[in-house]
Amino acid sequence: MLLDPDGRPTAAGAARLPAGEELLRGLAGMITARRFNDQASALVRQGRLAVYPSSHGQEGCQVAAAQVLDDGDWLFPTYRDTAAAVARGVDPVEVLGLLKGDWHSGYDPYERRVAPLTTPLATQLPHAVGVAHAARLRGEGTVVLAMCGDGATSEGDFHEALNFAAVFRAPVVFFVQNNQYAISVPLARQTAAPTLAHKGVGYGIPGEQVDGNDLAALLDVLSGAVERARAGEGPQLVEGRTYRMQAHTNADDATRYRADGEVAAWVARDPLVRLETYLRTDGILDDARAAAFADAAEQVARRTRDGINRDVVPDPDDLFRYVYSEPTSQLVEQLALVHDELSRDESSRDESSRGEQSRAEAHR
């Protein structure tokens, strides 16, 4: 911890605090992330998104994960890491494509080097290791930062990824956002390990725990892990202790498994309030710059809202177009069947329309 929950530098923090401009950039990113979370949740209530897993309260982890990477590095997010993808530069409307129910991931992974959002727990981690291992074989300086939650550490893919990365010394940073719950299962029911950072010990991977609501500490610890991986020191594991302030998704009732008092205690550790308090106290942030950050966040929310509210007419051929590079005979047959059904529906609507028109003329 470099900044305590009241925004004061700790004894160990004063010498390690990132530069003021880096912290301002982080605050701007967190303000945008918070506004993006709120806007996406509103779109769910309006029926424009099928589901949204909010990262409200975890914005420090989200922004820091994107901020410590170079342009040539890769970010592998989970379904809850939409704000991290936006912070990395992915279009916010495209980020929500998958959660709206689009037929693909919603964005081009190669444009910003952000892998598709993944809903199955931990399945992205072996893929992240593969990308890092390939980069190492090619002699590139690429680092991969792979995000996951505390629940993912109970999955086999997590352990397989750590083992493979350690054996081949892949330049990958595993970033575990420990938000205390895997849906309704608390951390104590998932592991007996002292911390999730200890999970790397058995694989020969150094682990470090950091306050996930302290952006300054996150930037310090994650940037160090990234640089060690880039320098050839192999994979790194970082656990950020944070909290999911809202429900798992809009389909979850969090009051069934946690008390209001528990949530309130973590609200007092809000990463935005903590950093803003420090920056204002230290004279780094003024009202004009804070207003500019809020305006920029509102522009992102408006662009997100306008983009998601835009109706798109689906093309039925897309169901078959991208299954294989060359369609099989079965796909060709199925496509013809769909076209036949659609033409019948169109003919039926035309006949119905003509019938209504004839009856209307007869009543004149």
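May I ask you to list the residues in the stretch 108-141 that are among the hydroxyl-bearing types (Ser, Thr, Tyr) and either surrounded by fewer than 21 Cβ atoms within 10 Å (Cβ to Cβ) or not assigned by TED's automatic domain parsing to the domain that holds residue 229 (or both)?
So in the stretch 108-141, the residues among the hydroxyl-bearing types (Ser, Thr, Tyr) come out as 110, 118-119, 123.
Matches in the stretch 108-141: 110, 119, 123.
Give the residue that is modelled with the lowest pLDDT, with candidates limited to residues of the stretch 314-326 that are assigned to a helix (DSSP H, G or I) and not charged (D, E, K, R). Let's see the steps before the verdict.
Just the residues of the stretch 314-326 that are assigned to a helix (DSSP H, G or I), to begin with: 318-321.
Pick out the ones that are also not charged (D, E, K, R) and you get 319-320.
Working: 319: 86, 320: 91.
Going through the qualifying residues, I end up with 319.
How about the stretch 204-226: which of its residues are small (Gly, Ala, Ser), in a loop (DSSP other than H, G, I, E, B) and crowded, with 17+ Cβ neighbours inside 10 Å?
To start, the set of residues in the stretch 204-226 that are small (Gly, Ala, Ser) comprises 204, 207, 212, 216-217, 223-225.
Adding the requirement that they be in a loop (DSSP other than H, G, I, E, B) leaves 204, 212.
212 - this is the single residue of the stretch 204-226 that is small (Gly, Ala, Ser), in a loop (DSSP other than H, G, I, E, B) and crowded, with 17+ Cβ neighbours inside 10 Å.
Given (1) aromatic (Phe, Trp, Tyr); (2) in contact (Cβ under 8 Å) with a residue 40 or more places away in the chain; (3) under 30 Å from residue 71 (Cβ atoms); (4) surrounded by fewer than 24 Cβ atoms within 10 Å (Cβ to Cβ), where does residue 164 come up short, assuming only one miss?
(2)
Could you tell me whether residue 206 is within 27 Å of residue 71 (Cβ to Cβ) and free of Cβ contacts under 8 Å to residues at least 40 places away in the same chain? Walk me through it before giving the result.
On the way: within 27 Å of residue 71 (Cβ to Cβ): yes; free of Cβ contacts under 8 Å to residues at least 40 places away in the same chain: yes.
It is true that residue 206 is within 27 Å of residue 71 (Cβ to Cβ) and free of Cβ contacts under 8 Å to residues at least 40 places away in the same chain.
More than 24 Å from the chain's Cα centre (by Cα) and at pLDDT 95 or above: does that describe residue 291?
Numbers: more than 24 Å from the chain's Cα centre (by Cα): yes; at pLDDT 95 or above: yes.
Considered against the rule, which asks whether it is more than 24 Å from the chain's Cα centre (by Cα) and at pLDDT 95 or above, residue 291 comes out as yes.
Using the structure shown, decide if residue 64 is of a type outside the set (Phe, Trp, Tyr), at pLDDT 95 or above and either more than 19 Å from residue 241 (Cα to Cα) or not in a loop (DSSP other than H, G, I, E, B) (or both). So that I can check it myself, show each step before the final result.
On the way: of a type outside the set (Phe, Trp, Tyr): yes; at pLDDT 95 or above: yes; either more than 19 Å from residue 241 (Cα to Cα) or not in a loop (DSSP other than H, G, I, E, B) (or both): yes.
For residue 64, the condition - of a type outside the set (Phe, Trp, Tyr), at pLDDT 95 or above and either more than 19 Å from residue 241 (Cα to Cα) or not in a loop (DSSP other than H, G, I, E, B) (or both) - is met.
Check whether at least one residue in the stretch 139-151 is aliphatic (A, V, I, L, M) and without any contact (Cβ under 8 Å) to a residue 60 or more places away in the chain, and report yes or no. Steps first, answer last, please.
Narrowing the stretch 139-151 to residues aliphatic (A, V, I, L, M): 143-147.
In the following step, the residues that additionally are without any contact (Cβ under 8 Å) to a residue 60 or more places away in the chain were identified as none.
Within the stretch 139-151, not a single residue is aliphatic (A, V, I, L, M) and without any contact (Cβ under 8 Å) to a residue 60 or more places away in the chain.
Among the residues of the stretch 192-203, which ones are closer than 29 Å to residue 265 by Cα, touching a helix residue (DSSP H, G or I) at 6+ places or on another chain (Cβ under 7 Å) and in contact (Cβ under 8 Å) with a residue 40 or more places away in the chain? Steps first, answer last, please.
Keep residues of the stretch 192-203 that are closer than 29 Å to residue 265 by Cα, which gives 192-199.
Still in the list and also touching a helix residue (DSSP H, G or I) at 6+ places or on another chain (Cβ under 7 Å): 193, 196, 199.
Once the filter is applied, which keeps residues that are closer than 29 Å to residue 265 by Cα, touching a helix residue (DSSP H, G or I) at 6+ places or on another chain (Cβ under 7 Å) and in contact (Cβ under 8 Å) with a residue 40 or more places away in the chain, the stretch 192-203 yields 196, 199.
Looking at the structure I just gave you, is residue 118 at pLDDT below 95 and either closer than 25 Å to residue 223 by Cβ or of a type in the set (Gly, Ala, Ser) (or both)?
Details: at pLDDT below 95: yes; either closer than 25 Å to residue 223 by Cβ or of a type in the set (Gly, Ala, Ser) (or both): yes.
Yes, satisfied.
Looking only at the stretch 1-55, how many residues end up being of a type in the set (Val, Ile, Thr) and outside any helix (DSSP H, G or I)?
Step one: filter the stretch 1-55 for residues of a type in the set (Val, Ile, Thr), giving 10, 31-32, 44, 51.
Adding the requirement that they be outside any helix (DSSP H, G or I) leaves 10, 51.
Selection size over the stretch 1-55: 2.
Can you tell me which residue in the stretch 103-138 is nearest to residue 172 (Cα to Cα), limited to those that are of a type in the set (A, V, I, L, M) and free of Cβ contacts under 8 Å to residues at least 24 places away in the same chain?
Within the stretch 103-138, the subset of a type in the set (A, V, I, L, M) is 114-115, 117, 121-122, 125, 128-129, 131-132, 134-135, 137.
Those left that are additionally free of Cβ contacts under 8 Å to residues at least 24 places away in the same chain: 134, 137.
Values: 134: 11, 137: 13 Å.
Checked the stretch 103-138; the qualifying residue nearest to residue 172 (Cα to Cα) is 134.
Would you confirm whether any residue within the stretch 268-276 is within 21 Å of residue 61 (Cα to Cα), in contact with a Pro (Cβ under 9 Å, 6 or more places away or on another chain), basic (Lys, Arg) and modelled with pLDDT of 95 or more? Working first, answer last.
From the stretch 268-276, those within 21 Å of residue 61 (Cα to Cα) are 268-276; that's our starting set.
Within this subset, residues satisfying the condition of being in contact with a Pro (Cβ under 9 Å, 6 or more places away or on another chain) are 268-270, 273-274.
Filter again for basic (Lys, Arg), leaving 269, 274.
Filter again for modelled with pLDDT of 95 or more, leaving 269, 274.
There is at least one residue in the stretch 268-276 that is within 21 Å of residue 61 (Cα to Cα), in contact with a Pro (Cβ under 9 Å, 6 or more places away or on another chain), basic (Lys, Arg) and modelled with pLDDT of 95 or more.
Can you name every residue in the stretch 153-189 that is of a type outside the set (Asp, Glu) and in a loop (DSSP other than H, G, I, E, B)? It would help to see each step written out before you state the result.
Keep residues of the stretch 153-189 that are of a type outside the set (Asp, Glu), which gives 153-154, 156, 158-159, 161-189.
Answer for the stretch 153-189, where residues must be of a type outside the set (Asp, Glu) and in a loop (DSSP other than H, G, I, E, B): 169, 170, 171, 179, 180, 183, 184.
Answer with yes or no whether residue 244 is of a type outside the set (Gly, Ala, Ser) and out of contact with any Phe, Trp or Tyr (no Cβ under 9 Å at 6 or more places or on another chain). It would help to see each step written out before you state the result.
Details: of a type outside the set (Gly, Ala, Ser): yes; out of contact with any Phe, Trp or Tyr (no Cβ under 9 Å at 6 or more places or on another chain): no.
The answer is no for residue 244.
Which residue is surrounded by the most Cβ atoms within 10 Å (Cβ to Cβ), if the candidates are limited to the stretch 190-200 and must be small (Gly, Ala, Ser) and assigned to a loop (DSSP other than H, G, I, E, B)? Quick ask: steps written out before the conclusion?
First pass over the stretch 190-200, keeping only residues small (Gly, Ala, Ser): 192-193, 197, 200.
Applying the additional criterion that residues be assigned to a loop (DSSP other than H, G, I, E, B) yields 192-193.
Numbers: 192: 5, 193: 14.
The qualifying residue surrounded by the most Cβ atoms within 10 Å (Cβ to Cβ) is 193.
What about residue 173, is it of a type in the set (Val, Ile, Thr), assigned by TED's automatic domain parsing to the domain that holds residue 242 and without any contact (Cβ under 8 Å) to a residue 12 or more places away in the chain?
For residue 173, the condition - of a type in the set (Val, Ile, Thr), assigned by TED's automatic domain parsing to the domain that holds residue 242 and without any contact (Cβ under 8 Å) to a residue 12 or more places away in the chain - is not met.
(1) in the same structural domain as residue 298 (by TED's automatic domain parsing); (2) surrounded by fewer than 23 Cβ atoms within 10 Å (Cβ to Cβ): which one isn't true of residue 10, the others all being true?
(1)
Return the only residue of 40, 50, 33, 66 being over 19 Å from residue 275 (Cα atoms), under 14 Å from the mean Cα position of the chain (by Cα) and touching a residue at least 24 places away in the same chain (Cβ under 8 Å). Explain how you work it out, then say what you get.
Details: 50 fails: under 14 Å from the mean Cα position of the chain (by Cα); 33 fails: over 19 Å from residue 275 (Cα atoms); 66 fails: over 19 Å from residue 275 (Cα atoms).
When all the criteria are applied, what remains is 40.
The values are calculated or read from the model by the stated rules, or taken from the named source; none is laboratory data. Being a predicted model, the structure only gives us computed values, none of them experimental. Counting neighbours? That spans all protein chains shown, and the Cβs are built from the backbone with ideal geometry, glycine included.
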